[in-house]
Amino acid sequence: MFVGKVPFLEALNGSTVVLPCSYSSCIGIENLYFNWQFNDNGTMKKVCESTIKSEGVEPNVKIFRERVEFVGKNNNVSILLWNITFDDGGQYTCFGRNPKEKDRNHSAIFSLIVVDKLREVDNTLTIIIASAVGGAIALLMGFMLLKNFSLYVLSKLEKKKCVFMAT
């Protein structure tokens, strides 16, 4: 089970979010059991569960919590939480067990942080660095163009000088 490179999300109260989770198996799947659970102050509460009979077969997902929708397809078992509240914030565990892998358990944890106001990110340093790099590249290109133009002019003058001396 894999929840992506960033295993957390900061979301605005009242918004809709997707909690990502996908599975992969090099030997395929058969009756893959999966579920999502929410850690409610140390007590794991089931959010949804299902069994995927085989690759490409859509599961019949049982939902145990309000405002939850299964949005997964193929090797994706993601869920959608809509109109989230502060009570929805916390750790969610995506769990899977594939009988073809000798019933090995796989899980991944995703953290949802619900806020009343999103933080504004100060991009000033990024803009300064990008401007400095862009300016340096432009200066280097200008220098190369000036050098090539100077060499071109000097070669033309040398040709004219050679033609003038030959006559």
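What follows draws every value from the coordinates through simple rules; no lab data is involved. Owing to the predicted nature of the structure, the values given are computational and were not obtained by experimental measurement. Please note: Cβ atoms are built from the backbone with ideal geometry, for glycine as well, and neighbour counts cover all protein chains shown.
Worth pointing out:
- Reciprocal of mean inverse Cα separation for the chain (Kirkwood radius, Å): 20.6
- In the chain, the longest principal axis of the Cα atoms and the axis of helix 124-166 are about 30 degrees apart.
- Phe8 paired with Leu125, simple spin-label distance in nm, labels 7 Å along Cα-to-beta-carbon: 1.8
- Tensor-based shape of region 20-77 (alpha-carbon gyration tensor, a/c under 1.5 rounded, otherwise prolate or oblate): prolate
- Rounded to the nearest 0.05, the FRET efficiency derived from the C-beta distance between Val115 and Val71 at R0 = 22 Å is 0.45.
- A simple spin-label model places pseudo-atoms 7 Å from Cα toward Cβ; at Leu154 and Leu80 they are separated by 6.7 nm.
- For region 74-140, the square roots a ≥ b ≥ c of the C-alpha gyration tensor eigenvalues yield an a/c of 1.5 or more together with a/b not exceeding b/c, which makes the shape oblate.
- Ser15/Asn39 FRET efficiency (R0 22 Å; Cβ-Cβ; nearest 0.05): 0.60
- Pairs from the table (Lys53/Lys100; Lys53/Lys73; Lys46/Lys100) lying more than 18 angstrom apart at Cα are Lys46/Lys100.
- Each residue, Lys46 and Phe143, gets one label point 7 Å from its Cα in the Cβ direction; the gap between the two is 6.8 nm.
- Cα gyration tensor shape of region 103-147, rounded if a/c is under 1.5, else prolate or oblate by comparing a/b with b/c: oblate
- Sites Phe64 and Arg104, calculated FRET efficiency, Cβ-Cβ separation with R0 25 Å, nearest 0.05: 0.55
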